[in-house]
Amino acid sequence: MSKRSRRTAPAPASRAGAARTTVTVCRGCCCGTEAKVPGLDHAAQLRELRSALDGAATVRVTNCLDACERANVIVVQPSVAGRKAGGRPVWLGLGNGSDAIGDITAWIATGGPGISEPPGILDVYAFTPSRRVRAEADR
């Protein structure tokens, strides 16, 4: 990730936390800023995501996912069961409204990657980052 540092929430203390879907929310140099995405209450968006996914997924914040042109970026990583079923991380960008958060959380509530198909509207937000960016995010 260039020379930018990454900051993530601590890993869950229990093994059960690792078994859940993980949602990584970028809040670095561009994502989560009024300068890049004006008119959005970024803190409220994060609170909404955490509230809607409480108990269903682990939500963590990272400093920069290096896909700034798609601010705000969210990566949905499959649960252990989802990974075993063939699910892979899904990168979503430009999902800056409540509707997007609602679509993301509804999908995760039904199982997320590998378990259930995402609603078709999420295709609008999905993108494939470069291999370098994906490798950095998997660390």
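Could you tell me how many of the residues in region 9-40 are among the basic types (Lys, Arg), modelled with pLDDT of 55 or more and closer than 20 Å to LEU53 by Cα? Spell out the reasoning first.
Of the residues in region 9-40, the ones among the basic types (Lys, Arg) are 15, 20, 27, 36.
Now drop any that are not modelled with pLDDT of 55 or more, which leaves 20, 27, 36.
Checking which are closer than 20 Å to LEU53 by Cα leaves us with 20, 27.
Of the residues in that region, 2 qualify.
Cβ-Cβ below 8 Å, separation at least six or inter-chain, first residue in region 81-103 and in contact (Cβ under 8 Å) with a residue 60 or more places away in the chain and surrounded by 15 or more Cβ atoms within 10 Å (Cβ to Cβ), second part of a helix (DSSP H, G or I) and of a type outside the set (S, T, N, Q): which pairs?
Partner pairs satisfying both residue conditions: ALA81/ALA19.
Return the pairs, sorted by first residue and then second, in which the second residue is assigned to a helix (DSSP H, G or I) and charged (D, E, K, R), the first residue lies in region 104-120 and is modelled with pLDDT under 95, the beta carbons are less than 7 Å apart, and the residues are 6+ apart or on different chains.
From region 104-120, the pairs are PRO119/ASP103.
Since ALA137 meets every condition but one in (1) at pLDDT 95 or above; (2) among the small types (Gly, Ala, Ser); (3) more than 13 Å from THR21 (Cβ to Cβ); (4) buried (at least 20 other Cβ atoms within 10 Å of the Cβ), which condition does it not meet?
(1)
Would you mind stating whether ALA56 is out of contact with any Gly (no Cβ under 9 Å at 6 or more places or on another chain) and farther than 21 Å from ALA135 by Cβ?
Working: out of contact with any Gly (no Cβ under 9 Å at 6 or more places or on another chain): no; farther than 21 Å from ALA135 by Cβ: yes.
Here the answer is no, as ALA56 does not meet what is asked.
Please go through (1) of a type in the set (A, V, I, L, M); (2) part of a helix (DSSP H, G or I); (3) surrounded by 14 or more Cβ atoms within 10 Å (Cβ to Cβ) for ALA43 and return the number of the only condition it doesn't satisfy.
(3)
The values are calculated or read from the model by the stated rules, or taken from the named source; none is laboratory data. Treat the numbers as computed from the prediction; the structure is a model and nothing was measured. Every residue, glycine as well, gets a Cβ built from its backbone with ideal geometry; the counts of neighbours run over all protein chains shown.
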